[in-house]
Every structure is written in C-alpha cells, then in structure tokens.
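Report on the structure given below.
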Amino acid sequence: MSGREIAVSKVDVGPAEEELVLRVLRSGQLAQGAMVAELEARIAEIAGVRHAVAVSNGTVALEVSLEALRHLEVVRAGDEVLTSPFTFVATANAIVHAGLTARFADIGDDYCLDPAAVAERLTERTRVLLPVHLYGLPADMTALAPLARERGLFVVEDAAQALGATVGGRDVGSYGLGCFSLYATKNVTSGEGGVVTTDSDELAGLLRLLRNQGMRDRYEYLVVGHNYRMTDLQAAIALGQLGRFEATNAARRRNAERLSAALAGLAGLVLPAEPAGRRSVWHQFTVRVTEDAALDRDELAARLGEQGIRSGVYYPRAVFDYGCFDGHPQVVRDPAPLTAAVARQVLSLPVHPLVGDDGIDRVGAALRQLLDA
Ligand SMILES: *Cc1c(COP(=O)(O)O)cnc(C)c1O
C-alpha cells in the first residue's frame, strides 16, 4: 500500500457539531424539540418548499410518504408505484411495506429513470412515479414531471442522495413528496435521519401526525400512527453540517472536475456527466468500466484497493434481483437491460470533501497507470 488510505466516504464532523450537540445535552431536551424544528426550516429552504418533516431515517421518509398517500386514497392497496430498478434496496422495501406493487422502468445513460421507458411502462394501475436521484444527480424531471401530470401520477422523489441538487433551476424535493436521508455516508449526516419535503399543507400535517403516534392533542389520536421522530441530538449534528453546506458542495464539485480532467480519454472508462440543466451534488463519482478497458470492474477495484484507494459498487444488480424479492407478489421483474449491463460496470471513486487535491491526483494517477496499459 502506498500512502494513506483514501476512503470512498468519510464522516466530517467538527467543532460546530460538537458545540450544537453539547448545547442539546445541556438543555435537557434530548428528544424532538427546537433543533429538529430548526433543521426542518433549513431543509425546507434548501428544497424550495413550505414544509419539511424530520423522521428517523430515509427509509422511513419513503414509507411514511407512501402511507400518507394511502390515507388520502391517492393510492389504494395493490396500486402500482413506478420506480428505478437501479437503486438502494430501501426504495423497493418502502413500496412493499406500503402495500403497493413495485414496477420498474429502465434507466438512461444518466443512471436515473429514462422518461421514454417510463411512458412505455405505465399501466392503468400506476398511481405514483418514484424517481431516484442517483449519485446526487437529479433524474430528468423536466420530462418526468409533465409526464406525471398528464397521467395523473403523484410524484414521490427518492432524493436520499441529492440534497441541494437542482433541475432546470428547480430544487429536488419540490415535485410532490421529497424523501431525503441523513445517514452517515450521505452528503449531510446526522448518523441516522430522514426528512420529507412538500408544499402541501395537508400532506405535511398528515406526515406530522403519522410521525408522532397519530396524536394531535394529548391522548387525541386521529390516525393509527408511529414513532418516527428524530432526536434533537441528531438534528444538532445535521445543523452543524449544514453550516458548511455550500463549502462541502463546492469541494465535491471541485473534486469531481479535477478527477474528470485526470481521467479524460482513458479507453474503456465512461466518466459521469451532468446533462444540460441538471446540477449534481456529487454524492458519488461513478465511472463505467466497459469491455474496452484493460481490466474489468472488479479487478480494477481490487488493484486500487492494493494502493489504499477504496471504491464502491452502487449497485451490483437491479433491485428486483435481490433474493428477498424472489417470487414476491408485490415486486414485478420488468426487464431493464441497461440496468443489468451497468450494474456489472459501475465503480464509485472517492470524491468527498476530505479527499483533497493530492488524494484526487493519486486516484487519477492510479487509474491511468492501471488502465493505460
Ligand atoms: C440511503 C438511501 C435510502 C435510505 O436512507 P436511510 O437513511 O439509510 O434509511 C434510500 N434510497 C436511497 C437511494 C439511498 O441512497
């Protein structure tokens, strides 16, 4: 191994987080309180909407969003949610737990839902369109949102990886219900945490009820609810992180540009691109290692690992190909050839703010040496 290890993601907490967490510890108010309210106000602002509802994690954000739509009878048991097959397992789990059927349309070269594939895969049972903004890049919402409107579909965004990203100048999380994650590997973290964003007063009210046992006033339970609350300790960590949000986003962008320049022109390597009008928050910097490369994806990852450079495969197969969904009646295995192909080729390289110029240069040089053979 040459040089220090370069992780593919790294938690960055500093004095700001320490100070805010200490303030919570000393306040005696550890559960949901003023810090959560402040975090909600900040995230609503970032997503460009009126309401943000903090919950325990990003998976719960998806689950409670779909449950709220069931309450309002926007969707009924057995209705279909159309989503991307190239996503984290939580997207599909949430659909199944909401009593809905998961259907899938293939992705495009941007690794997000392909609007043309979506149009083809809609049925009379489709009620919700659930795009995933993968790797921090927004899905093509300028095509998907009008399509959803025409077909009367409600939009739930899996924006777990994309806090702060924009499409055509519009913030992700503003198209219906936006689901964000504050898990430890995400761009902004609270350890565990999630947030739902919406412009709808009705949905925000219902989400707040569902989060807190269905309770309006003490012992007045309007719906059968949950405990999906976030603690003020978690909110304090995320607020500390958000104090540096612009700087960390800028650092990710700078790293992505530097790495793109370092890797330009290598045979068999497809670099990530930002399609016109879409602004990524560079949660991951993901390359495709094609048949034309000197090494295949897994060999390349192993050789980088020998040099202390960590990488990640997000994700190794279409989500419906995991064993837990084998023969599952609520998961339809729709063909997705591009997803199947890229799942064997994608490799995410370190791009987080702590990599530094020297780290980026080491990653670039290592890939050039391994692939320029
Ligand atoms: C992280 C993530 C989730 C789940 O969020 P958690 O906070 O881990 O529950 C859902 N979807 C995607 C695409 C994610 O990356």
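A short reminder: the numbers here are calculations on the coordinates, not readings from a lab. All figures in this text were calculated on a predicted structure; none of them were measured in a lab. Backbone-built Cβ (ideal geometry, glycine too); neighbour counts: all protein chains shown.
Roughly what % of DSSP beta bridges within the chain run antiparallel, to the nearest 5?
For the chain, the DSSP antiparallel bridge percentage is about 60.
Determine the relative contact order of the stretch 101-245: mean sequence separation of Cα pairs under 8 Å and six or more apart, normalised by residue count, in whole percent.
Taking the mean separation of contacting Cα pairs over the length of the stretch 101-245, I get 14 percent.
Where the centroid of each part is defined by its Cα atoms, how far is the stretch 189-253 from the stretch 123-181 in Å?
Result: 19 Å between the Cα centres.
Can you list residues whose amide H is under 5 Å from residue 112's amide H, if they're 5+ apart or on another chain and H is modeled 1.01 Å from N?
Distant-sequence amide H within range of residue 112: zero hits.
Can you tell me the length gained on complete extension of the stretch residue 50 to residue 4, counting 0.36 nm per residue apart and subtracting the Cα distance?
12.1 nm
Determine the shape class of the stretch 1-81: with a ≥ b ≥ c the square roots of the Cα gyration tensor eigenvalues, call it rounded for a/c under 1.5, and otherwise prolate if a/b is greater than b/c, oblate otherwise.
Verdict is oblate for the stretch 1-81.
Cα centroid distance between the stretch 1-68 and the stretch 265-307, in Å?
Distance between centres, Cα-based: 30 Å.
In nm, what is the difference between 0.36 nm times the number of residues separating residue 223 and residue 344 and their Cα-Cα distance?
Contour length minus Cα-Cα distance gives 39.1 nm.
Just the Cα atoms of the chain, one point each, no solvent: what log10 I(q)/I(0) does Debye give at q = 0.07, 0.09, 0.10 Å⁻¹?
-0.31, -0.51, -0.63
Tabulate in residue order the Karplus-calculated ³J(HN,Hα) for the stretch 176-193, using 6.51 cos²θ - 1.76 cosθ + 1.60 with θ = phi - 60°, rounded to whole Hz; enter x for Gly and Pro.
x, 10, x, 10, 10, 10, 10, 4, 4, 8, 6, 4, 10, 10, 10, x, 10, x
Expressed in nm to one decimal, what extension gain is obtained for the pair residue 296 and residue 253 from 0.36 nm per residue of sequence separation less their Cα-Cα distance?
On the way: separation 43, 0.36 × 43 = 15.48 nm, distance 2.70 nm.
Contour length minus the Cα-Cα distance gives 12.8 nm.
Let me have the 222 nm mean residue ellipticity of the chain computed from DSSP H runs of 4+ only, each contributing -39500 (n - 2.57), with the sum over all residues rounded to the nearest 500.
On the way: 12 runs with 142 residues, N = 373.
Taking each H run of at least 4 residues, the total per residue is -12000 deg cm²/dmol.
Apply the Karplus parameterisation 6.51 cos²θ - 1.76 cosθ + 1.60, with θ equal to phi minus 60°, to every residue of the stretch 246-251 and state each ³J(HN,Hα) to the nearest whole Hz, in sequence, with x for glycine and proline.
Values, residue by residue: 4, 5, 6, 4, 5, 5 Hz.
Hey, what did the chain get for relative contact order, percent, Cα under 8 Å, at least 6 apart?
Reported relative contact order: 24 percent.
Toward the positive end of the charge dipole of the chain, about the Cα centre and with charges on Cβ (Lys, Arg +1; Asp, Glu -1), which of 68, 136, 167 goes farthest?
Projecting each Cα onto the dipole axis, the largest value belongs to 68.
So which GluC sites (Glu not before Pro) in the stretch 26-95 end up in coil per DSSP with only 14 or fewer other C-beta atoms within 10 Å?
Here the GluC sites (Glu not before Pro) that fit, given the DSSP loop and packing criteria, are 73.
So what are the ³J(HN,Hα) numbers for the stretch 34-46, from phi and the Karplus equation (6.51, -1.76, 1.60; θ = phi - 60°), rounded to whole Hz, Gly and Pro as x?
Coupling constants for the stretch 34-46: 5, 5, 4, 4, 5, 4, 4, 5, 5, 6, 4, 5, 5 Hz.
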